[in-house]
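S.K.: Below you'll find the structure I mean.
Bear in mind these aren't lab numbers, they're just calculated from the coordinates by the rules spelled out. Values in this document were obtained by computation on a predicted structure and should not be read as measured data. Reconstructed Cβ throughout: ideal geometry from the backbone, glycine too, with neighbour counts over all protein chains shown.
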Amino acid sequence: MQQQYEAGRHPDLPPPLVERGAVKWVRDNFFSNATSIVLTAVAVYFLYKVVPPFVEWAFVDAVWDAHHRNECRAKGEGACWAVLRARIAQFTYGFYPAHLYWRVNTAFVLLFIALAPLLFEHVPGRRYLLWFSLAYPVLAFFLLWGGLGLEPVESAKFGGFLLTIVIGVTGIIGSLPLGILLALGRRSRLLIVHTISVAFIEFVRGVPLITLLFIASTLLNYFLPPGTYFDLLLRVLIMVTLFASAYLAEVIRGGLAGIPKGQFEAADSLGLGYWKSMRLVILPQALHISIPNIVNTFIGLYKDTTLVVIVGLADPLGISRATLADSKWQGLSTEIYIAIAVFFFVSCFAMSRYSLYLEKKLHTGH
Amino acid sequence: MRSLKFIALCAALASLAGGGNAATLDDVQAKGHLQCGINTGLAGFAFTDARGNWQGFDVAYCEALAAAVFGKAKGNVKYTNLTGKTRFPALASGEIDVLSRNTTWTYSRDTDLKQTFVGVNYYDGQGFIVPKSLGVGSALELNGASVCIQTGTTTELNLAGYFRDNNMDYEPVPIETNAEAIKLYQAGRCDAYTTDASGLAATKAAFDSPGDHVVLPEIISKEPLGPLVRHGDDEWADIARWVLNALIIAEEKGITKRNVKRMARRSGDDAEANRMFGNEGSFHEMLRLPKTWARDAIAENGNYGEIFEKYIGRNTDLGLERGVNALWTQGGILYAPPFR
């Protein structure tokens, strides 16, 4: 029997079952119209075809413990992750001497301590940590390459993810200030500064990175006096930094162009000189506008570090070539490439998330 | 190819301008190590072991050469990994002292690219591998096939020549490394993969079911592989050449890694061995090397035959037969000039 209410006393009823909760969400998002239904069906079929076999291959049937690819095949049909276990040290440190791994590890941990005050505002003791951040490049240099009483390690021993991080981080840290200077130089009214900046940017942007690396590794030897030894990794670091700085300069120039003329005039009317007005008024706004593009360039640079394999540096791809040539592990390239892809994805995704965080934090608009 | 020539030309010009770099031996001794150019990774010939040391048939030669100069290879040899494209500029520019990277000795590389091949350490030839399911029994039936081929190598040119000579068409699928080729071939991206027969053996060994693939009987080219140095320093070329010869002579005479120390001390009546080990005359002075150079070179990895068996021979995953690479006394064509 239906309950009777007085007029106007009827309590609010929950929405009908099909109009609320998961059911509604699924219907709205997956089955709202004919196109959507077809797309959903296709997607589900695709996932059904791809995911279970992949999970089976990568996890269920995978072999973690083996000393030879044949042992893997004998134990299971799936991925032979044993190759990664056997070579994880090489993929991480390259040919760095094993008894000195602690130095790499220390430098890696310190990197995050040095980055923290730069990346986040609310870090305890930020003021003192910033001094540490400033000193970090020097500290890392001595930790990685040795000197000052530490056993020296030559750059030829660098490899694997260590090499990727060294090139990536150096390129990113080095190219930002250089890029800002080039962008300002390009907008400068001083003829020589302007010309040099434009010529540099256009030359570097007009040449592929591979060519620059090739120049660094091979052609440079012809032009230096015979007998001069110039560390290959150092040459590569310089080229990668210059390359990224040219791109960054254009990105930041875009940001500068987005600042209304009134801001420049306002800074002038306050009596600020060129550098002060740039530092206090213009650049903070220009860099803010450019954040997505700057991070975009950084991610591109980070991934471009894999190109150093063509000049004979042992980045993760270089290590994978050497590993796959060992007849024990031949033919397992899928496993290795997946591992490398995961590493790059994690790094790049972290960068991209940080950029989003920064944009939200700096969002002062309406 | 044209860009390669251009770079080599630049190299030649620059080395002329720089007054050439004559005494490589002095340079090597001064810097304290041998810089050896090797492959970025080729099964049996150059690969890393679990501890990250480079090993392989080509690497063993670098070690022997370093041992001849310095007494032992450990700590005295460094490696530069080179692709098919970067190997010649690296040698021409002086970045490396010797190139030991399964490189085919050809006329134009010898003359036009201005390099000196110091000998042959592996006689190879180009072949094809195809899946059995393709139903092909001879390379002459490959008309219209797509073929995976490594760029910047002689195999690329041989392939074009072979198909042209036999009035056949093919679709090249260019790739950079052997590992890449294996993937593409297994994925069915190409009907056939062509490279040196030694490489095919290595490739086939890596397949999950080697029985499903067949190496075609035709060998379409001569590929004498060997170490090489720059033009213009004959003394250094002589050292590189005679280290290789010493390894071959050692096999002829049954001098092995195990007995070389003893043999070097008293080689008995064998005059050639006595000359090589400096017990008779002072032949080492002609190379400006220490008296023990031959002993040290052989002690590093053993004689030619031992190196062959260790890295690419019958008991390895590659399982290559000696074939033409046997000594001339055993039906092969491996023949070192007399040590006199």
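S.K.: Return the lysines within reach of residue A:49: Cα separation strictly under 28 angstrom, same-chain partners fewer than 8 residues apart disregarded; answer none if there are no such residues.
M.R.: Once the sequence-local lysines are set aside, what remains near residue A:49 is A:24, A:75, B:183.
S.K.: OK, next. Which entries of A:328/B:78; A:328/B:74; B:74/B:261; A:157/B:31; A:157/B:114 have Cα-Cα distances beyond 28 Å here?
M.R.: A:157/B:114
S.K.: Taking neighbour Cβ counts within 10 Å as the exposure measure, how do A:113, B:255 sort from fewest upward?
M.R.: Least to most surrounded, the residues fall as A:113, B:255.
S.K.: For the stretch A:304-311, what does the Karplus curve 6.51 cos²θ - 1.76 cosθ + 1.60, with θ = phi - 60°, yield as ³J(HN,Hα) per residue in whole Hz, taken in order and with x for Gly and Pro?
M.R.: 5, 4, 5, 5, 5, 4, 6, 9
S.K.: Related question: State, as an integer percentage, the relative contact order of the stretch B:126-221 based on alpha-carbon contacts under 8 Å between residues 6 or more apart.
M.R.: 50 percent
S.K.: Something else: So what is the calculated 222 nm ellipticity per residue for chain A, using -39500 (n - 2.57) for each DSSP H run with n of 4 or more, over all residues, to the nearest 500 deg cm²/dmol?
M.R.: The helix contribution divided over chain A gives -22000 deg cm²/dmol.
S.K.: Restrict the search to the stretch B:126-222; then list the trypsin sites (Lys or Arg not before Pro) that DSSP places in a loop and that have at most 11 other Cβ atoms within 10 Å of their Cβ.
M.R.: none
S.K.: Now for a different question. Could you please rank A:333, A:290, A:320, placing first whichever residue has the fewest other Cβ atoms within 10 Å of its Cβ?
M.R.: A:333, A:290, A:320
S.K.: Sticking with this one: Please arrange B:168, B:276, A:278 by how many other C-beta atoms lie within 10 Å of their C-beta, fewest to most.
M.R.: Exposure proxy ranking, most exposed first: B:168, A:278, B:276.
S.K.: In addition: Assuming a ≥ b ≥ c are the square roots of the Cα gyration tensor eigenvalues, decide whether chain A counts as rounded (a/c under 1.5), prolate (otherwise, with a/b larger than b/c) or oblate.
M.R.: Cα axes put chain A in the oblate bin.
S.K.: Quick check on chain B: helices-only [θ] at 222 nm, where DSSP H runs of length 4 and up contribute -39,500 (n - 2.57) each and the sum goes over total residues. Nearest 500, please.
M.R.: Here the helix-only value at 222 nm equals -11000 deg cm²/dmol.
S.K.: Here's a follow-up. In whole Hz, with x marking every Gly and Pro, tabulate ³J(HN,Hα) for the stretch B:249-256 from phi via Karplus 6.51 cos²θ - 1.76 cosθ + 1.60, θ = phi - 60°.
M.R.: 4, 4, 5, 3, 9, x, 8, 10
S.K.: A further question on this structure: Taking loop as defined by DSSP and a crowding limit of 16 other beta carbons within 10 Å, which chymotrypsin sites (Phe, Trp or Tyr not before Pro) in the stretch A:1-55 fit?
M.R.: Those that pass, being in a loop and sparsely packed, are A:5, A:31.
S.K.: Relative contact order for chain B: what percent, with Cα pairs under 8 Å and sequence separation of 6 or more?
M.R.: That works out to 21 percent.
S.K.: If you fit an axis through the alpha-carbon atoms of helix B:57-70 and take the longest principal axis of the Cα set of chain B, what angle between them do you get, 0 to 90°, nearest 10?
M.R.: That helix lies at roughly 20 degrees to the long axis.
S.K.: Right, something else. Add +1 for every Lys or Arg and -1 for every Asp or Glu among the other residues with Cβ under 13 Å from the Cβ of residue B:83, and state the total.
M.R.: So the environment of residue B:83 carries a net charge of +2.
S.K.: OK, next. Once you've got the GNM for chain A with C-alpha springs shorter than 10 Å, pick whichever of A:159, A:318, A:78 has the biggest mean-square fluctuation.
M.R.: The residue with the greatest mean-square fluctuation here is A:78.
S.K.: Now a separate question. Could you give the distance between the Cα centres of the stretch B:48-64 and the stretch A:254-275, to the whole Å?
M.R.: The two parts, judged by their Cα centres, are 61 Å apart.
S.K.: Once you measure Cβ to Cβ distances between cysteines in chain A, which Cys have no partner under 4.7 Å?
M.R.: Those would be A:348, since no other cysteine Cβ in chain A comes under 4.7 Å of theirs.
S.K.: Using Cα pairs closer than 8 Å and at least 6 residues apart in sequence, work out the relative contact order for chain A, in percent.
M.R.: Here the relative contact order equals 17 percent.
S.K.: Moving to a separate point now. Are there trypsin sites (Lys or Arg not before Pro) in the stretch B:234-338 that DSSP marks as loop and that have at most 11 other Cβ atoms within 10 Å, and which are they?
M.R.: B:258, B:266, B:314
S.K.: Something else about it: Can you tell me the 0 to 90 degree angle between the C-alpha axis of helix B:2-17 and the longest principal axis of chain B, rounded to 10?
M.R.: Relative to chain B, helix B:2-17 is tipped by roughly 20 degrees.
S.K.: Also, quick follow-up: Give a residue-ordered list of calculated ³J(HN,Hα) values for the stretch B:321-335 (Karplus: 6.51 cos²θ - 1.76 cosθ + 1.60, θ = phi - 60°; whole Hz; x for Gly, Pro).
M.R.: Once θ is set to phi - 60°, the couplings for the stretch B:321-335 become 7, 5, x, 5, 7, 6, 4, 4, 6, 10, x, x, 10, 7, 8 Hz.
S.K.: If you take every DSSP beta bridge fully contained in the protein assembly as shown, what fraction is antiparallel? Give it as a percent rounded to 5.
M.R.: Within the protein assembly as shown, antiparallel bridges account for around 50 percent of the total.
S.K.: Same structure again: Using a Förster distance of 22 Å, how high is the FRET efficiency between residue B:143 and residue B:209, based on the Cβ-Cβ distance and rounded to 0.05?
M.R.: My answer for the efficiency is 0.25.
S.K.: Could you tell me how far the Cα centroid of the stretch A:8-44 sits from the Cα centroid of the stretch B:162-178, in Å?
M.R.: Taking the Cα centre of the stretch A:8-44 as reference, the centre of the stretch B:162-178 is 58 Å away.
S.K.: Can I ask one more? Enter the mean number of other protein chain beta carbons within 10 Å of the beta carbon of each residue in A:311-317, as an integer.
M.R.: Averaged over the peptide's residues, the number is 4.
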